[in-house]
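Below: one structure, written as C-alpha cells.
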Amino acid sequence: MKPPIAKYACRSTEHLQARRQFLGSVAGGAMAGTLGLITRGAAAEQTKQKDMRVVVFNLHGGLSQIESWDPKPGRSTGGPCRAIPTSVPGIHISELLPYTAQQMHHLCLMRGVNTSEDDHGKGAYLMMTGRRQSPAADYPQIGAVASRMLTPQQLELPGHIMITPSGGGGRNSDSAYLGPKYASVVLGGGSPPNYSVRPDNIPEDVEAHRHELRRQINEQFLSKRRTAITEAYTHSYEQALRLMQRRDTFDVSKESEKDQERYGKNDFGRHCLLARRLLESGVPFIQVVHSNYDTHNENFGFHLEQLGEFDQPFATFVADLSERGLLDQTLIVVLSEFGRTPNINLYYGRDHWSRAWSVLMGGAKVKRGIAYGKTNEDGTEVTEGQVDHGALFHTYLQAVGVDSTQSIDVNGRDMPLADPAAKPVWDVIA
Amino acid sequence: MTLETMDITKARVVTEWKYTRPLLACRFDPNGKFAVTSSEDFTLQRWEMAAEKPSPVVMKAHDSWVHALAFSPDGTTLISGGCDGKLIWWSMIDAEPKPIRIVEGHRGWIRNIAFSPDGKSFASCGNDRTIATWDLAEGKELSRLAGHERDVYSVLFHPNGRELISGDLMGKLHVWDIGTRAIARSMDAAPLHTYEAGQRVDFGGVRCLALNQDGTVLAAGGLHKASNPLGAVHEPLCLRFDYASGQLQKSHVAEGITGGVVWSCRFLQDGTLAGVSGGSTGGFLLFWNSESDKNIHRLQLPNIARDMDVHLDGLRIGTSHHDSQFRITALFAAV
C-alpha cells in the first residue's frame, strides 16, 4: 500500500516512520499493533459524551499562517496576499480564504501557537498527540482518544476515520496503548475501506455460514482463553462485517447532486462532503488530510492553488453543520504540523516555523467569532495568549465535554488522557 | 556605447544599484533613459540610467507585489499590474511619476502585460484565467478573452498586429485572432508543466514569451524536471517554436542547473535567445542559438535573479534580484 500522506518538499522521512502504517486489511487491522485494548468493565462503562464529535482538517506539510489566519499585509514578512474582513468585525484573514471569512462567526482563531518543533515528523506527532515524541513512550492521537471517549457502544461504524488525499485503505497504528480498536481506518482517496465488498464468487448465504462457523469456533476458544488479544480479534471481524453492511455510508454519490456541486467536484470537496456524511452517520472522529503545504519554493503560488481548493468546501462544511444543527455537537479543528517562516526566502518560499503560528477551531463548546492570542507586527513572535500542543490537546477534549484532566484505566494502569503538565485554554471554552 | 560589438562570451555585470527590499520585476524604458523595478514593499522604483549612483524615485500605489510592467512604445506611459488585480497608468514624463489611472483589471494576480505594436492598446493576463485588452488613452476594456482553463501567466502581441499569444500554467499556448477575439490556433508547451502526484500540485507553466524580430520564432520559457516542486528542485527550460507551423524546434536546457526557472527571455539583435534563470542553484543569464538544445554560454549572477529586460542599445541586460540589487550586465568586452 502506498503511504496515504503526500511527500514533503524537504524530503523528510521521519513523518513516515512516525506514522508506522499498519498494512492490514479491515479485518486484519486489529490483529497487530499494540495490545492494550480496554476491556475492563470500569473502563468500558465510562460515560460517552452524548453525540459529541470531532473533525480535524490536517493541512499537511505546514500551512503558512500568514497566507491564512494571521496575515501581515504591508510588512516585510507579509508577502503579496492581502487581508480581508470576515463576518466578525475586526477580524481579518488572508484574501486566499474568502469563503471561510464568511463563516468566521462560527470559528475561533488561535493565533498564538508556539510548539517549538520544526521537524515534520515530530511536529505532526506533537500536534496529533498533544505530547512531544519520546522513545520512552508512545501516545494515542487525538482521533483515538476521541474515539475512545465518544464512540457510542451501538455504533456500527469505526469511531476513528482518516480520509487521505490518495493511497489505499487499511488501518493505522495511531492509538498507542488504547489499542487497535481505536486506531484510524483509512479511506485512501476517499474510497471505502479495503476489502469491504463481498467477493462475487461468495454467495450471501455461504458468507453467512462462514461467519457463523467463525463465531462458534471463537466462542469455543474464548470460553477458555479470553484475553485482550482475542477480544480485539473478535471485535475487528464483527466491525468489518458491520462496516460491509454499511458500505453506502462511504459513498458520496448518494448525496444530492446539488450538494455535490456545492462542495465542488474535486477530491477535497468530495472528502468534505464525505466527512459530513460520516458525521451524520454518527462517526465521532474524522480526520480529513489536505496536501501539500510544504512550500519552500513559490509559497504564494502554491498557497493560491491549495487554499483555492480548500476554501469553498471547508466553508460549505462549516455552514452546513451550522444549518443542520450539528455545529453545537461538533468540534472543528484546522491544524498542521507547524506554520511557515515569516521570512520570505530567495525562491519566494517560506520554510518551517513553529514559534508563532495559528490553529483554527470552531463548533462544540468553543467560543465563536473570536481571535485568541497575538503575534507581533511581523509575525515572528507570540506576544499574547501563547499556547502549545499540550494546551490545544486539552482544549479539544474539553470542547467536546471530555474532562481532559482525567485518567483512564488501561490494563490496570491509570493513563492520563492528555499531558498532565498542560492545561486547557479555558478562555476559548464557552 | 553603441559602438561596442555584442559578444555574449564577454558578458559581465557592470552596474549594481541597491534598493532597500528584494526586487521582483524590471523593465527598461524604450528610450533607454530609465529602468523601472518593483519590490516586495509594493512599490516601483525608477532609476535614472545616466546617473552614476542613482537614487530611485519610489512610486507607490499598489496594495501588493507587482510582477507585470510594460512601457508604451513611446516611453511616456508605464503600465503596472499587481497581485492586487490593479492596472495602474503612470506618466513617465513627470519628475515624480504619479498614477494617472487605476483600473481593476483582473480578479486576483496580474501576471503579465504586453503592448500592441502600434502602442495604442495593451493586453494583461492573470490568475482569473482571462486576458484583457485595454485602450491606452482612455483606459477602456476593449476585450476579455476567456479560453484558458488555468492561470494565464504570459501574453505577447505578434508584430503583425493581428495576433496575440498567451500561455498558461498547464503549458497551453493559444494564438488569438484579435479581430474575432477567438483562439485561432494552439501550440503545445506541455513540457513546461509538471503535475507532481506525491505533492499534489500543478507547477511550472509558460513563465515568459518572446518573439524574434520578424516574428517567425516564438520562445516559451519556464521549467521542467520538477521532481520536487515545493522544494525548488526543477530545471530551466525554454521551448523554441516555428511560429507559422507551431512546430517545436528546440528544447533549450541548461545542464547542471538543478534548481532554476526561466523567468524571462528575449531575443537579442543577432537572434541569440537570452533567458534569466533563478532558483536554488542561483541566478544565471543563459544564451541559446537555433543550432543546439544546450546553452552556448552562461553567466552566473551574484544572486538569484527574478526578471530581466534588454536595454534599447541591445548590449545591456538588466536583472532584478532577491538581494535588492538591480544589476546591469554588459554583453561586450571590457575596454
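Can you confirm whether region A:88-99 contains a residue that is on the phi < 0 side of the Ramachandran plot and in a helix (DSSP H, G or I)?
Yes, some residue in region A:88-99 is on the phi < 0 side of the Ramachandran plot and in a helix (DSSP H, G or I).
Which of the numbered conditions does B:His322 fail, given that it passes all the others? Conditions: (1) under 20 Å from B:Glu16 (Cβ atoms); (2) at pLDDT below 95.
Here B:His322 meets the rest and fails (2).
Please determine, by comparing only the residues of region B:323-335 that are among the aliphatic types (A, V, I, L, M) and in a loop (DSSP other than H, G, I, E, B), which one is farthest from B:Ala68 (Cα to Cα).
Filtering first and then ranking leaves B:Val335.
Give the number of residues within region B:91-111 that are in a strand (DSSP E or B) and either in contact (Cβ under 8 Å) with a residue 60 or more places away in the chain or surrounded by fewer than 23 Cβ atoms within 10 Å (Cβ to Cβ) (or both).
So the count comes out to 7.
Might you let me know whether region B:237-255 holds any residue that is assigned to a helix (DSSP H, G or I) and closer than 30 Å to A:His296 by Cβ?
no
Looking only at region B:274-284, decide whether some residue is farther than 18 Å from B:Ala25 by Cβ and either away from every other protein chain (no Cβ under 14 Å) or assigned to a helix (DSSP H, G or I) (or both).
The answer is no, given that none of the residues of region B:274-284 is farther than 18 Å from B:Ala25 by Cβ and either away from every other protein chain (no Cβ under 14 Å) or assigned to a helix (DSSP H, G or I) (or both).
Restricting region B:200-221 to residues that are buried (at least 24 other Cβ atoms within 10 Å of the Cβ) and part of a loop (DSSP other than H, G, I, E, B), which is farthest from the other protein chains (Cβ to nearest Cβ)?
Going through the qualifying residues, I end up with B:Val206.
Does B:Arg306 qualify as being more than 14 Å from the chain's Cα centre (by Cα), part of a strand (DSSP E or B) and within 27 Å of B:Ser116 (Cβ to Cβ)?
Spelling it out, it is not the case that B:Arg306 is more than 14 Å from the chain's Cα centre (by Cα), part of a strand (DSSP E or B) and within 27 Å of B:Ser116 (Cβ to Cβ).
Filter region A:184-196 down to residues that are farther than 9 Å from A:Gln141 by Cβ and within 16 Å of the chain's Cα centre (by Cα), then give me how many there are.
Qualifying residue count, region A:184-196: 6.
Mind listing whichever residues of region B:20-45 are touching a strand residue (DSSP E or B) at 6+ places or on another chain (Cβ under 7 Å) and more than 14 Å from chain A (Cβ to nearest Cβ)?
B:Cys26, B:Arg27, B:Phe28, B:Asp29, B:Pro30, B:Phe34, B:Ala35, B:Val36, B:Thr37, B:Leu44, B:Gln45
Out of the residues in region A:148-169 meeting the condition of being touching a helix residue (DSSP H, G or I) at 6+ places or on another chain (Cβ under 7 Å) and over 22 Å from A:Leu417 (Cα atoms), tell me which one is surrounded by the most Cβ atoms within 10 Å (Cβ to Cβ).
Looking at the filtered set, the residue picked out is A:Ile163.
Each row is one residue, and each column tells you yes or no for (1) over 24 Å from B:Ala70 (Cα atoms); (2) more than 13 Å from every other protein chain (Cβ to nearest Cβ); (3) more than 19 Å from the chain's Cα centre (by Cα).
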| position | (1), (2), (3) |
| --- | --- |
| B:Leu223 | no, no, no |
| B:Pro229 | yes, no, yes |
| B:Ala244 | yes, yes, yes |
| B:Val262 | no, yes, no |
| B:Asp313 | no, yes, no |
| B:His321 | no, no, no |
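Within region A:207-227, which residues are part of a helix (DSSP H, G or I) and not charged (D, E, K, R)?
Passing the criteria: A:Ala208, A:His209, A:His211, A:Leu213, A:Gln216, A:Ile217, A:Asn218, A:Gln220, A:Phe221, A:Leu222, A:Ser223.
Any residue that is closer than 21 Å to B:His321 by Cβ, surrounded by fewer than 20 Cβ atoms within 10 Å (Cβ to Cβ) and free of Cβ contacts under 8 Å to residues at least 60 places away in the same chain - is there at least one of those in region B:282-293?
yes
Would you please list the contacts, defined by Cβ atoms under 6 Å and residues six or more apart or on different chains, that run from a residue in region A:246-265 that is touching a residue at least 12 places away in the same chain (Cβ under 8 Å) to a residue that is among the basic types (Lys, Arg) and assigned to a helix (DSSP H, G or I)?
A:Val252/A:Arg270
For A:Tyr195, indicate whether it is over 30 Å from A:Leu126 (Cα atoms) and of a type in the set (Ser, Thr, Tyr).
When the stated conditions are applied, A:Tyr195 passes them.
Filter region A:410-426 for residues that are acidic (Asp, Glu) and assigned to a strand (DSSP E or B) and give the result.
Matches in region A:410-426: A:Asp414 only.
Restricting attention to region B:285-304, which residues are out of contact with any Lys or Arg (no Cβ under 8 Å at 6 or more places or on another chain) and away from every other protein chain (no Cβ under 14 Å)?
B:Asn289, B:Glu291, B:Lys294, B:Asn295, B:Ile296, B:His297, B:Arg298, B:Gln300
Looking at (1) farther than 24 Å from B:Leu315 by Cβ; (2) not in a strand (DSSP E or B), can you tell me which one B:Lys53 breaks?
Among (1) farther than 24 Å from B:Leu315 by Cβ; (2) not in a strand (DSSP E or B), the lone unmet condition for B:Lys53 is (1).
Does B:Ser72 satisfy being without any contact (Cβ under 8 Å) to a residue 24 or more places away in the chain and either more than 26 Å from A:Cys81 (Cβ to Cβ) or of a type in the set (Asp, Glu) (or both)?
No, not satisfied.
Is it the case that region B:2-15 has a residue that's crowded, with 23+ Cβ neighbours inside 10 Å and either free of Cβ contacts under 8 Å to residues at least 12 places away in the same chain or within 14 Å of chain A (Cβ to nearest Cβ) (or both)?
Taking every residue of region B:2-15 in turn, none turns out to be crowded, with 23+ Cβ neighbours inside 10 Å and either free of Cβ contacts under 8 Å to residues at least 12 places away in the same chain or within 14 Å of chain A (Cβ to nearest Cβ) (or both).
Could you grab me the full set of residues in region A:149-162 that are within 16 Å of the chain's Cα centre (by Cα) and either within 14 Å of chain B (Cβ to nearest Cβ) or part of a loop (DSSP other than H, G, I, E, B) (or both)?
Listed by number, the residues that qualify are A:Thr151, A:Pro158, A:Gly159.
Return the only residue of A:Leu307, A:Leu279 being surrounded by 18 or more Cβ atoms within 10 Å (Cβ to Cβ) and under 30 Å from A:Tyr348 (Cβ atoms).
Residue meeting the stated conditions: A:Leu307.
Name every residue in region A:112-147 that is buried (at least 24 other Cβ atoms within 10 Å of the Cβ) and assigned to a strand (DSSP E or B), in order of residue number.
A:Gly112, A:Val113
Could you tell me which of the residues B:Ser64, B:Ser121, B:Ser116 is touching a Cys at 6+ places or on another chain (Cβ under 9 Å), modelled with pLDDT of 95 or more and surrounded by 15 or more Cβ atoms within 10 Å (Cβ to Cβ)?
Result: B:Ser64 is the single residue among B:Ser64, B:Ser121, B:Ser116 that is touching a Cys at 6+ places or on another chain (Cβ under 9 Å), modelled with pLDDT of 95 or more and surrounded by 15 or more Cβ atoms within 10 Å (Cβ to Cβ).
Of everything in region A:56-83, what is part of a loop (DSSP other than H, G, I, E, B), more than 10 Å from chain B (Cβ to nearest Cβ) and of a type in the set (S, T, N, Q)? Give them in sequence order.
A:Ser64, A:Gln65, A:Ser68
For the condition of a type in the set (D, E, K, R) and within 14 Å of another protein chain (Cβ to nearest Cβ), what is the one hit in A:Asp378, A:Asp403, A:Asp328, A:Asp388?
Checking each option against the conditions leaves just A:Asp378.
The values are calculated or read from the model by the stated rules, or taken from the named source; none is laboratory data. Just so you know, these numbers come straight off a predicted model, no measurement behind them. When we count neighbours, we look across all protein chains shown, and the Cβ atoms used for this are built from the backbone with ideal geometry, even at glycine.
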